[in-house]
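Engineer: Take this structure first; my questions come after.
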Amino acid sequence: MLSPKGVGCAAPFAVVVSTGARILNSPVSAVTPQSVSVRMQTLPPAFAPWAEGWFNPPRPQAAAAQPPPLLVRRRLHSLLDGAREGLVWVSGPSGAGKTSLMRTWTDARRAAGTPCLWIQLDATDAEPAVFFRHLRLALLSTLATPQARNALRLPAWREAADAARLSAFAQRYFRAWTAALPKPLILVFDACEAAGADAALPLLLDQLLQALPAGALMLAAGTDPLPLTLHRWAASGRCLTLGWEDLRADDDEARELALAWGQPQPEAAQCALAGGWMAAWAVLLSAARCGEAAPAADRIFEACAGAAYSGLDPLTRRVLAAVARQPTASAEEAAVLSDVANAGDVLAALWRLRWFVERQISFDGQVRYALHPLLRAHAAARQMP
């Protein structure tokens, strides 16, 4: 197949670009090959000479230190295989398996001959100027020769003028950017929540989707559900959404995961405790692999999402600690238990985010909320702030 600008390549490529705030806030001219961390997978031979100066592949580790292979989740791969173009939005809490799912699926697509460009977002991408610079670096990483890189011409961002007309600038930029991409292509944006829920990212992704050529697919993942700006893609049938309910590992996948880790088949109690959370399974199986006893439930949650829990506001933690005392609670019961008048709104918001809170509707129409077993143990083990 051919790489961009007609450079011959013996194999499809995948590029992972990760840039830090210190670099992205510098002038473009100050960005050097040494200042960008890029991981190449299945690097084409034509890229090899340039790769020595630009790419920074991970150092090989001893076989004993290598983690078990990622689980190929055939159930979810079959859903992704049906998405040929447009948008796939994968959302779920931290540790739900979003990144590993996208990694295994894009590996399979790349092996089948489809190039993949992976862009890891961070907080700096909340600024449109930084996001465009990030895309420029990603595109440069796909161009195999100095001549191709020097010939790249993208619209230059002018802070005051272009910020006032962001949509118009984005259209011009994305037309030029997509024209230089390989076709077909899978374009991955991971950690979309890092750019901020109220940032311009959804608008920019919408504009980029409009500019992508036929046959190109955008795969985006984050902790937040599909933004309203992108709902029209779902309404037109060009968006596949995978959420927490889809990502939760079923019993068959739990058994496959245990087998990959070289561990006995999990017991029903372990499956109930993990609740389909891939990060929890990693903690449980890692302990078993090291010959250690299974950690307590609250310690498992602490290891997987303790920082996220600590980052919740005090009233939210108060509501969770109160609701954790019983299997389920209605909005009214949560308000009484926590002494927080809007406790029902707090639980509803967490449920909409699928943040380890489930909603149950009884036969008489009453709405009740239940916490994930690990969150319940973690919240109950802590006093209300």
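Read the figures in this text as sums done on the coordinates, not as results from a lab. The model shown is predicted, which means the values in this text are computed figures rather than measured ones. Glycine gets a Cβ as well: all are built from the backbone with ideal geometry, and neighbour counts include every protein chain shown.
Engineer: Full extension from ALA294 to GLN147: what is 0.36 nm times the residue separation minus their Cα-Cα distance, to one decimal in nm? Can you show the working numbers first?
Structural biologist: On the way: separation 147, 0.36 × 147 = 52.92 nm, distance 5.63 nm.
Additional length available on full extension: 47.3 nm.
Engineer: So, one more: Name the shape class, rounded, prolate or oblate, that the alpha-carbon gyration tensor gives for region 337-385, where a ≥ b ≥ c are the square roots of its eigenvalues, rounded holds for a/c under 1.5, and otherwise prolate holds if a/b is larger than b/c and oblate otherwise. If you can, show how the numbers build up before the last one.
Structural biologist: Details: a/c = 1.80, a/b = 1.40, b/c = 1.28.
The shape class here is prolate.
Engineer: Ranked highest first by average number of other Cβ atoms within 10 Å, how do 118-126, 224-232, 85-93, 282-290 line up? Mind showing how you got there, number by number?
Structural biologist: Numbers: 118-126: 20.1, 224-232: 15.3, 85-93: 22.0, 282-290: 17.6.
Top of the packing list down: 85-93, 118-126, 282-290, 224-232.
Engineer: Which shape class, rounded, prolate or oblate, goes with region 86-214 when its Cα gyration tensor gives a ≥ b ≥ c as root eigenvalues, a/c under 1.5 marks rounded, and past that a/b bigger than b/c marks prolate?
Structural biologist: Values: a/c = 1.89, a/b = 1.14, b/c = 1.65.
Verdict is oblate for region 86-214.
Engineer: Follow-up question, since we're still on this one. When only DSSP loop residues count, what chymotrypsin sites (Phe, Trp or Tyr not before Pro) in region 146-208 have their Cβ near at most 15 other Cβ atoms within 10 Å?
Structural biologist: Filter output for region 146-208: empty list.
Engineer: Another question, then. With the cut-off at 1.5 for a/c, could you classify region 251-295 from its C-alpha gyration tensor as rounded, prolate or oblate? Mind dumping the intermediate values first?
Structural biologist: On the way: a/c = 1.57, a/b = 1.20, b/c = 1.30.
Oblate.
Engineer: Rounded to whole Å, give me the distance from the Cα center of region 301-378 to that of region 151-200.
Structural biologist: 38 Å
Engineer: Same structure, new question: Given charges of +1 on the Cβ of Lys and Arg and -1 on the Cβ of Asp and Glu, with all other atoms neutral, how large is the dipole of region 293-385 about its Cα centre, in debye to the nearest 20?
Structural biologist: Details: 10 positive and 9 negative charges, 48 e Å.
With only Lys, Arg, Asp and Glu charged at Cβ, the dipole is about 240 debye.
Engineer: In region 309-380, if the dipole is taken from +1 on Lys/Arg beta carbons and -1 on Asp/Glu beta carbons about the Cα centre, which of ALA349, THR328, LEU374 is farthest to the positive end?
Structural biologist: Highest projection toward the positive end goes to LEU374.
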